[in-house]
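The structure appears right after this line, and notes come after that.
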Amino acid sequence: MMRHRTLASAMLAAFGAIGGYAAPLAARPLPNDATVTSLRVVPKAGHADVLIHVDGSITLKHFTLTKPDKIVVDMSGATLGLPLGEVYDGVARGSITRIRYSQFTRTVVRVVLTLDTNHPYTVTQEGGLVRISVDGANVSFDPWQVGEAAETDAAPSNPQPAHVEVAPVERREAPAPRASRKVGTTVIPVNTAHGGRALPEEPEFQQSQEPRITVSWENAPIADVLGMFANFTGRTILPSKNVTGNVTANIVNLPWDVALKEVMNANGYDVSVNPDGVIVVDTFQSIAARRATTPLITRTVRLNYARSTSVAEMVMARLTRTCTSQPGIPSLPAGTQPPGTASGTEQPEPATVQDVNCPHRGTVTADTVTNSISITDVPSALPGLEEYVKTIDLRQPQVNIKAKIILVDRTSIEGLGLRYDLGSQTQFFNDIVPRLDSTGNPRTDAGQIALGGNTVSAIANATQRVPGAALQLVYSTAMGNFDFTTFLEALQQNTLLDVQAEPSETVMNNYTANLTAGTQVPIRVIDAGAAGGQQTSSFPRATVRFQQTGIILIVTPQITANHQVMMKVHVENSSVQFESNDVGAVFPKQSVDNVVLVRDGETAVMGGLTQQTLNSTRSGLPILSELPIIGRLFGVTNRTEEKRDLLILLTPHIIDDGEDLPTPSRP
């Protein structure tokens, strides 16, 4: 026991040296040449000055961070000599919103200035005074000071740049989280000067900025380890009666909150922070069991852009679960989150036995009238769920789609034919020339052959016609007792159908635009099966349905992360042709279904379809119709040529990126 007490005393001294929060430095001297004795913030014309007084020789190094913007100044060879409990008061002075300082390592004192935005700055040194000048607006503020009374802070008449080792300006993203600010079992970085409240200006997933420690334990009682953390941080740490055992660990330059969590997790315990800022150490099961008994509360979140019904389904999967043990599954107390998750985070998918044995504690309801959702869950999970809803409820960008549909239909018809009729009133073999009976009416009987005389009759091409002939000539002459009649028919027809449609529509991202220009054709449908059964009538029942014809354009755009547009497109051009048979009508159609990826403003050719049809018929007398030039005098020729071209062009334009519009200022 005496050895443990000696070790605890040594560790407390080491903690105090690292963080600068314990007894005065005179009680535990460090092998450094200089001591930081005071720190001041004073207003100057057009900028704010941070004055750091050092009573020895130091080497400076400074760099910047982003999100939020910070200036970091490291003083090598210095010891932090500021009194215990003195921290920045949180008042914005010029462009400086916060100041933090600590004994970063045994030989380095770090000062961190948090800015409202990126500002130019200079670092100079004159004797024992380090001056950090940050440009900003000409505003006045009350000076702030920590430490012993500073000497004059007037700028020297000929200030020289400090001996500074300037690191390259480093504008980088926040590092990966080691102790991210999230609710649940993770320690929240806290400010001891504000009653344990979470640091508001620290962004989520940013590395902890708490003072760092380097310490080792070998088989030390866990109660002594927690006592050291409590003495170092000035926080209240309460272990439960279940927290027992010894700790063997080696911590090297870690923030104290990260070190506390990692050490406790490695020994089978977890750390939580209650609303009063008290740090509680207990087993995972006990913390989960207390969470399971926490009363539920309800919050209503109004949505601006997303549908409440779809958002409610996604939030439901992230509610806190209460798990029960099952055969073959590790026993989990009520309220325990599955491994790797925390309250308000996404649960594993797809559904497994865990989903059946871990039902949600709360619930989510959607109100379609006000487009809002009501979330009922444990208080610690609600902030995370609300943040998740905000990431979904985003204003979607809009896409303007300009389409050009070109349809060209050309039809060419040529026809030429001669027909002959040779016969008399009493003898004939065809009916292209009407014969009259004794009463003067056209005869309707079949061809007649007279057997009482030596008369003859003949016909060539009696039934072949040129449909729709534009020219029809008839020549008739008498040949003895017979009438010889010749019919000449000719046709040449060209038809051109040119359809150019240029629809334009603006649609939101991932929504479908439907443009239709045409006619709805009614179609009568006979239901033969309706005549049987309980029907009072034995006649089939007829219904009418409508078939859309014309030009139909259906587009669903999706804006990709690299600012391109992916479009799912259906383009259709159709018409109707009525038939005399039982079919009733047919619908010739040309359509294109495609998915294409184009850049903003780029034109995509969705379909180029060329269809050509040639139909030629020829009928005539053998041999004679084959003669050159005069062959057409002994036959009928019909030639039809159709050529159809379909071209579809689509051009998407992203007309906005989905950012919220600024609120207009009131006069």
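The values are calculated or read from the model by the stated rules, or taken from the named source; none is laboratory data. Being a predicted model, the structure only gives us computed values, none of them experimental. Positions of Cβ are generated from backbone atoms using ideal geometry, with glycine treated the same way; all protein chains shown enter the neighbour counts. With ligands, DNA and RNA removed, areas are computed over all heavy atoms of the protein, side chains included. Shrake-Rupley method; radii C 1.70, N 1.55, O 1.52, S 1.80 Å.
Some observations on this one:
- Region 414-433 - residue that is more than 14 Å from N481 (Cβ to Cβ) and open to solvent by 90 Å² or more (accessible area, probe 1.4 Å) and, of those, modelled with the highest pLDDT: F429
- Evaluation of A259 against (1) small (G, A, S); (2) assigned to a helix (DSSP H, G or I); (3) open to solvent by 20 Å² or more (accessible area, probe 1.4 Å) (one fails), failing number: (3)
- Residue that is farthest from P557 (Cα to Cα), among those in region 388-406 that are open to solvent by 60 Å² or more (accessible area, probe 1.4 Å) and either without any contact (Cβ under 8 Å) to a residue 24 or more places away in the chain or among the hydroxyl-bearing types (S, T, Y) (or both): K390
- Inter-residue pairs, beta-carbon under 6 Å, first at pLDDT 85 or above and in region 128-156, second among the aromatic types (F, W, Y), 6+ apart: V134/Y121
- Counting the residues of region 439-448 that are under 18 Å from N481 (Cα atoms) and open to solvent by 50 Å² or more (accessible area, probe 1.4 Å) gives 1.
- Verdict on M264 being open to solvent by 50 Å² or more (accessible area, probe 1.4 Å) and modelled with pLDDT of 90 or more: no
- Matching residues in region 581-634 - criterion: being open to solvent by 90 Å² or more (accessible area, probe 1.4 Å), hydrophobic (A, V, I, L, M, F, W, C) and more than 29 Å from K568 (Cα to Cα): V583, L614, I623, I629
- Wholly enclosed strands (runs of 3 or more DSSP E) of region 504-565 bearing at least 1 residues open to solvent by 80 Å² or more (accessible area, probe 1.4 Å) and at pLDDT 85 or above: 513-527, 541-559
- Whichever residue in region 72-98 is among the aliphatic types (A, V, I, L, M) and surrounded by 21 or more Cβ atoms within 10 Å (Cβ to Cβ) and, among such residues, is nearest to V123 (Cα to Cα): V73
- Yes/no for L650 being at pLDDT 80 or above, loosely packed, with under 15 Cβ neighbours inside 10 Å and farther than 24 Å from L496 by Cα: no
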